[in-house]
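Peer 1: I am attaching a structure below and will ask some questions about it afterwards.
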Amino acid sequence: VTMAAIARHPDLASLAHAARAVGGPAIRNMATVGGNLFAPAPYGDFTVALLALDATVNIDDGELPIETFLAKRESNHAIITAVGFTFPAEGFRFLKVSRIKPKGVSVLSIAAVLEQAPDGTVSSARIALGCMADRPMRATAAEKALLGRTLTIDGIAPALAAAGDGTSPVTDPIASAWYRNEVLPVHLGRLLLG
Ligand SMILES: Cc1cc2nc3c(=O)[nH]c(=O)nc-3n(C[C@H](O)[C@H](O)[C@H](O)COP(=O)(O)OP(=O)(O)OC[C@H]3O[C@@H](n4cnc5c(N)ncnc54)[C@H](O)[C@@H]3O)c2cc1C
(Lines give C-alpha, C1' and ligand atoms only; values in the text may rest on other atoms or scores of the structure.)
Protein backbone atom coordinates (compact mmCIF):
# COMPACT_ATOMS: atom_id res chain seq x y z
CA VAL A 1 0.00 0.00 0.00
CA THR A 2 1.50 3.33 -1.04
CA MET A 3 1.39 6.64 0.84
CA ALA A 4 -0.57 8.07 -2.10
CA ALA A 5 -3.21 5.34 -1.72
CA ILE A 6 -3.56 6.09 1.99
CA ALA A 7 -3.69 9.84 1.42
CA ARG A 8 -6.65 9.51 -0.97
CA HIS A 9 -8.54 6.71 0.83
CA PRO A 10 -11.87 8.07 2.11
CA ASP A 11 -11.78 5.91 5.26
CA LEU A 12 -8.27 7.03 6.18
CA ALA A 13 -8.77 10.79 6.01
CA SER A 14 -7.48 11.24 9.57
CA LEU A 15 -4.20 9.58 8.59
CA ALA A 16 -3.82 11.45 5.30
CA HIS A 17 -1.58 14.16 6.73
CA ALA A 18 0.84 11.53 8.09
CA ALA A 19 0.96 9.84 4.67
CA ARG A 20 1.49 13.22 2.99
CA ALA A 21 4.44 13.83 5.30
CA VAL A 22 6.42 11.28 3.28
CA GLY A 23 8.36 12.98 0.48
CA GLY A 24 6.67 14.71 -2.45
CA PRO A 25 3.96 13.35 -4.77
CA ALA A 26 6.34 11.27 -6.90
CA ILE A 27 7.82 9.60 -3.80
CA ARG A 28 4.37 8.97 -2.31
CA ASN A 29 3.32 7.16 -5.48
CA MET A 30 6.11 4.63 -4.83
CA ALA A 31 6.71 4.71 -1.06
CA THR A 32 4.94 1.86 0.72
CA VAL A 33 3.89 1.27 4.31
CA GLY A 34 5.95 -1.94 4.32
CA GLY A 35 9.10 -0.13 3.22
CA ASN A 36 8.50 2.72 5.66
CA LEU A 37 8.60 0.23 8.55
CA PHE A 38 12.24 -0.44 7.61
CA ALA A 39 13.27 3.14 6.86
CA PRO A 40 16.15 4.32 9.03
CA ALA A 41 16.07 7.81 10.59
CA PRO A 42 15.57 10.51 9.33
CA TYR A 43 12.94 8.54 7.39
CA GLY A 44 10.08 6.48 8.78
CA ASP A 45 7.59 9.31 9.35
CA PHE A 46 4.53 7.16 8.68
CA THR A 47 5.83 4.46 11.01
CA VAL A 48 5.85 7.06 13.79
CA ALA A 49 2.10 7.42 13.29
CA LEU A 50 1.66 3.63 13.29
CA LEU A 51 3.65 3.34 16.52
CA ALA A 52 1.43 5.89 18.26
CA LEU A 53 -1.59 3.94 16.98
CA ASP A 54 -0.20 0.73 18.50
CA ALA A 55 -0.44 -1.00 15.13
CA THR A 56 0.10 -4.69 14.52
CA VAL A 57 2.39 -5.98 11.79
CA ASN A 58 1.39 -9.17 9.98
CA ILE A 59 4.01 -11.48 8.59
CA ASP A 60 3.63 -14.97 7.18
CA ASP A 61 3.72 -16.72 10.54
CA GLY A 62 1.62 -14.35 12.62
CA GLU A 63 1.04 -10.92 13.99
CA LEU A 64 3.46 -8.77 16.00
CA PRO A 65 2.93 -5.57 18.00
CA ILE A 66 4.71 -2.83 16.06
CA GLU A 67 7.09 -2.15 18.95
CA THR A 68 8.27 -5.77 18.95
CA PHE A 69 8.62 -5.69 15.19
CA LEU A 70 10.66 -2.46 15.21
CA ALA A 71 13.01 -3.69 17.92
CA LYS A 72 13.98 -6.70 15.80
CA ARG A 73 13.35 -5.49 12.28
CA GLU A 74 16.87 -6.29 11.06
CA SER A 75 16.24 -9.95 11.70
CA ASN A 76 12.90 -9.95 9.88
CA HIS A 77 13.20 -12.00 6.70
CA ALA A 78 9.47 -12.38 6.11
CA ILE A 79 7.21 -10.35 3.86
CA ILE A 80 4.88 -7.99 5.70
CA THR A 81 1.42 -8.68 4.34
CA ALA A 82 -0.69 -6.31 6.42
CA VAL A 83 -0.62 -3.63 9.07
CA GLY A 84 -3.62 -3.24 11.36
CA PHE A 85 -4.78 -0.63 13.84
CA THR A 86 -7.90 0.79 15.39
CA PHE A 87 -8.19 4.45 14.64
CA PRO A 88 -9.40 6.42 17.68
CA ALA A 89 -12.53 8.53 17.21
CA GLU A 90 -10.51 11.49 18.42
CA GLY A 91 -7.19 12.28 20.01
CA PHE A 92 -4.78 11.34 17.20
CA ARG A 93 -2.21 14.01 16.48
CA PHE A 94 0.74 14.06 14.10
CA LEU A 95 3.44 16.61 13.42
CA LYS A 96 6.44 16.52 11.12
CA VAL A 97 9.10 19.20 11.50
CA SER A 98 11.26 19.92 8.46
CA ARG A 99 13.33 22.83 7.27
CA ILE A 100 12.07 22.69 3.68
CA LYS A 101 8.31 22.73 3.25
CA PRO A 102 6.27 20.91 2.15
CA LYS A 103 8.49 17.93 1.38
CA GLY A 104 11.69 18.23 3.37
CA VAL A 105 13.31 15.44 5.33
CA SER A 106 12.39 15.35 9.03
CA VAL A 107 14.18 17.21 11.75
CA LEU A 108 11.82 15.10 13.83
CA SER A 109 8.28 13.81 13.76
CA ILE A 110 5.84 13.18 16.59
CA ALA A 111 2.57 11.29 16.74
CA ALA A 112 0.30 10.94 19.74
CA VAL A 113 -2.93 9.27 20.74
CA LEU A 114 -4.41 11.00 23.77
CA GLU A 115 -7.52 10.17 25.72
CA GLN A 116 -9.02 12.69 28.11
CA ALA A 117 -11.38 12.21 31.03
CA PRO A 118 -14.55 14.34 31.22
CA ASP A 119 -12.66 16.85 33.42
CA GLY A 120 -10.09 17.33 30.65
CA THR A 121 -7.23 15.49 32.33
CA VAL A 122 -5.27 13.00 30.25
CA SER A 123 -6.35 9.43 31.02
CA SER A 124 -4.07 7.71 28.54
CA ALA A 125 -1.24 8.82 26.29
CA ARG A 126 0.82 7.09 23.65
CA ILE A 127 3.51 9.25 22.09
CA ALA A 128 5.88 8.19 19.31
CA LEU A 129 8.96 10.05 18.11
CA GLY A 130 10.82 9.94 14.82
CA CYS A 131 14.51 10.87 14.36
CA MET A 132 15.07 10.71 18.11
CA ALA A 133 16.76 7.30 17.74
CA ASP A 134 17.77 5.16 14.78
CA ARG A 135 14.12 4.11 14.44
CA PRO A 136 10.76 5.35 15.74
CA MET A 137 10.53 5.13 19.55
CA ARG A 138 8.00 5.69 22.33
CA ALA A 139 8.36 8.70 24.62
CA THR A 140 7.35 6.64 27.66
CA ALA A 141 8.55 9.12 30.30
CA ALA A 142 6.55 11.92 28.68
CA GLU A 143 3.53 9.61 28.41
CA LYS A 144 3.65 8.87 32.16
CA ALA A 145 4.17 12.52 33.03
CA LEU A 146 1.02 13.48 31.13
CA LEU A 147 -1.33 11.17 33.02
CA GLY A 148 -3.78 13.08 35.18
CA ARG A 149 -2.60 16.41 33.76
CA THR A 150 -4.51 18.91 31.67
CA LEU A 151 -3.38 19.94 28.20
CA THR A 152 -2.34 23.41 29.32
CA ILE A 153 1.08 25.07 29.47
CA ASP A 154 1.41 24.21 33.18
CA GLY A 155 -0.17 20.78 32.79
CA ILE A 156 2.20 19.58 30.09
CA ALA A 157 5.37 21.05 31.63
CA PRO A 158 6.47 17.78 33.33
CA ALA A 159 5.94 15.88 30.07
CA LEU A 160 8.05 18.37 28.13
CA ALA A 161 10.79 18.14 30.76
CA ALA A 162 10.82 14.35 30.32
CA ALA A 163 10.48 14.37 26.52
CA GLY A 164 14.17 13.70 25.86
CA ASP A 165 14.47 10.78 28.30
CA GLY A 166 15.94 7.75 26.55
CA THR A 167 16.42 9.46 23.21
CA SER A 168 19.59 9.14 21.13
CA PRO A 169 18.83 11.25 18.08
CA VAL A 170 20.64 10.93 14.78
CA THR A 171 23.07 13.57 13.58
CA ASP A 172 22.83 14.15 9.83
CA PRO A 173 22.96 17.08 7.39
CA ILE A 174 19.42 18.08 8.44
CA ALA A 175 20.15 18.53 12.15
CA SER A 176 22.54 17.51 14.90
CA ALA A 177 21.51 15.24 17.75
CA TRP A 178 21.96 18.22 20.09
CA TYR A 179 19.59 20.36 18.02
CA ARG A 180 16.96 17.63 17.82
CA ASN A 181 16.99 17.25 21.59
CA GLU A 182 16.79 21.01 22.08
CA VAL A 183 13.72 21.46 19.86
CA LEU A 184 11.85 18.29 20.80
CA PRO A 185 10.08 19.85 23.83
CA VAL A 186 9.12 22.90 21.76
CA HIS A 187 7.41 20.81 19.09
CA LEU A 188 5.91 18.32 21.54
CA GLY A 189 4.45 21.31 23.38
CA ARG A 190 2.89 22.61 20.17
CA LEU A 191 1.44 19.19 19.38
CA LEU A 192 -0.03 18.76 22.86
CA LEU A 193 -1.46 22.27 23.03
CA GLY A 194 -3.00 21.84 19.60
C1 LIG B 1 13.68 11.84 -2.35
C2 LIG B 1 13.19 10.98 -1.23
C3 LIG B 1 12.45 11.55 -0.21
C4 LIG B 1 11.98 10.76 0.84
N5 LIG B 1 11.28 11.37 1.83
C6 LIG B 1 10.82 10.63 2.87
C7 LIG B 1 10.10 11.25 3.91
O8 LIG B 1 9.85 12.46 3.91
N9 LIG B 1 9.68 10.47 4.93
C10 LIG B 1 9.91 9.14 4.99
O11 LIG B 1 9.48 8.48 5.93
N12 LIG B 1 10.62 8.52 4.02
C13 LIG B 1 11.08 9.23 2.95
N14 LIG B 1 11.80 8.63 1.97
C15 LIG B 1 12.20 7.22 2.13
C16 LIG B 1 11.26 6.17 1.50
O17 LIG B 1 10.84 6.56 0.22
C18 LIG B 1 10.03 5.89 2.35
O19 LIG B 1 10.41 5.65 3.69
C20 LIG B 1 9.20 4.71 1.85
O21 LIG B 1 8.00 4.58 2.62
C22 LIG B 1 9.96 3.40 1.87
O23 LIG B 1 9.12 2.46 1.25
P24 LIG B 1 9.53 1.72 -0.10
O25 LIG B 1 8.33 0.99 -0.56
O26 LIG B 1 10.17 2.67 -1.05
O27 LIG B 1 10.61 0.73 0.49
P28 LIG B 1 11.93 0.17 -0.18
O29 LIG B 1 12.97 1.24 -0.14
O30 LIG B 1 11.59 -0.46 -1.47
O31 LIG B 1 12.28 -0.95 0.87
C32 LIG B 1 12.91 -0.65 2.10
C33 LIG B 1 13.22 -1.96 2.78
O34 LIG B 1 12.00 -2.54 3.23
C35 LIG B 1 11.86 -3.86 2.70
N36 LIG B 1 10.44 -4.05 2.44
C37 LIG B 1 9.62 -3.23 1.73
N38 LIG B 1 8.36 -3.70 1.76
C39 LIG B 1 8.37 -4.83 2.51
C40 LIG B 1 7.37 -5.78 2.91
N41 LIG B 1 6.09 -5.66 2.58
N42 LIG B 1 7.76 -6.82 3.68
C43 LIG B 1 9.05 -6.98 4.05
N44 LIG B 1 10.04 -6.12 3.70
C45 LIG B 1 9.70 -5.07 2.95
C46 LIG B 1 12.71 -3.87 1.44
O47 LIG B 1 13.12 -5.16 1.12
C48 LIG B 1 13.88 -3.00 1.87
O49 LIG B 1 14.80 -3.72 2.62
C50 LIG B 1 12.26 9.37 0.88
C51 LIG B 1 13.00 8.80 -0.16
C52 LIG B 1 13.46 9.59 -1.20
C53 LIG B 1 14.24 8.93 -2.30
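The values are calculated or read from the model by the stated rules, or taken from the named source; none is laboratory data. Keep in mind it's a predicted model, so treat the numbers as computed, not measured. Here the Cβ is made from the backbone with ideal geometry for all residues, glycine too, and neighbour counts use every protein chain on show. Protein only, heavy atoms only, side chains kept; ligands, DNA and RNA dropped before computing areas. Shrake-Rupley method; radii C 1.70, N 1.55, O 1.52, S 1.80 Å.
Peer 1: Could you state the number of Å between the C-alpha centres of region 21-98 and region 172-194?
Peer 2: Using only Cα atoms, the two centres lie 21 Å from each other.
Peer 1: Something else: Viscosity 1.306 mPa s, temperature 10 °C: what is the translational diffusion coefficient of the chain from Stokes-Einstein with a Kirkwood Rh over Cα pairs, rounded to a whole number of µm²/s?
Peer 2: 94 µm²/s
Peer 1: Quick one: accessible area per residue over the chain, 1.4 Å probe, rounded to a whole number of Å²?
Peer 2: With the other protein chains kept in place, the chain gives 49 Å² per residue.
Peer 1: Would you kindly derive the ³J(HN,Hα) couplings of region 179-186 from the backbone phi angles with the Karplus curve 6.51 cos²θ - 1.76 cosθ + 1.60 (θ = phi - 60°), listing them in order in whole Hz, with x for Gly and Pro?
Peer 2: Karplus values, whole Hz, x for Gly and Pro: 5, 4, 5, 5, 8, 3, x, 5.
Peer 1: Running a GNM on the chain with Cα contacts under 10 Å, which residue among G166, G120, G44 ends up with the highest mean-square fluctuation?
Peer 2: G120
Peer 1: Please give me, ordered by residue number, the trypsin sites (Lys or Arg not before Pro) of region 48-131 that lie in loop per DSSP and have at most 10 other Cβ atoms within 10 Å.
Peer 2: Passing sites in region 48-131 are K72, R99.
Peer 1: Then there's this: Computed on alpha carbon atoms, what radius of gyration and Dmax characterise region 92-193, expressed in Å?
Peer 2: In Å, with Rg to one decimal and Dmax whole: 13.3, 45.
Peer 1: Can you tally the net charge around A7? Count Lys and Arg as +1, Asp and Glu as -1, for every other residue whose Cβ sits under 15 Å from the Cβ of A7.
Peer 2: Taking every Cβ under 15 Å from that of A7, the sum is +3.
Peer 1: Counting helices only, and only those DSSP H runs with n ≥ 4, report the 222 nm mean residue ellipticity of the chain as the sum of -39,500 (n - 2.57) divided by its residues, in deg cm²/dmol to the nearest 500.
Peer 2: -8500 deg cm²/dmol
Peer 1: I would also like to ask the following. Which number do you get for Rg(Cα) / (2.2 N^0.38 Å) in region 3-84?
Peer 2: Working it through for region 3-84, the quotient is 1.05.
Peer 1: At most 12 other Cβ atoms within 10 Å and a DSSP loop assignment: could you name the GluC sites (Glu not before Pro) in region 56-130 that fit?
Peer 2: E90
Peer 1: If you don't mind, another one. Considering only L151, L95, L15, give the residue with the highest GNM mean-square fluctuation for the chain, with springs between Cα atoms whenever their separation is below 10 Å.
Peer 2: Looking only at L151, L95, L15, the biggest GNM fluctuation is shown by L151.
Peer 1: Please build a GNM for the chain, connecting alpha carbons under 10 Å apart, and tell me which residue among A139, A159, A78 fluctuates the most.
Peer 2: A78
Peer 1: Now for a separate question. Of the heavy-atom accessible surface of the chain (probe 1.4 angstrom), what whole percent is carbon and sulfur?
Peer 2: 57 percent
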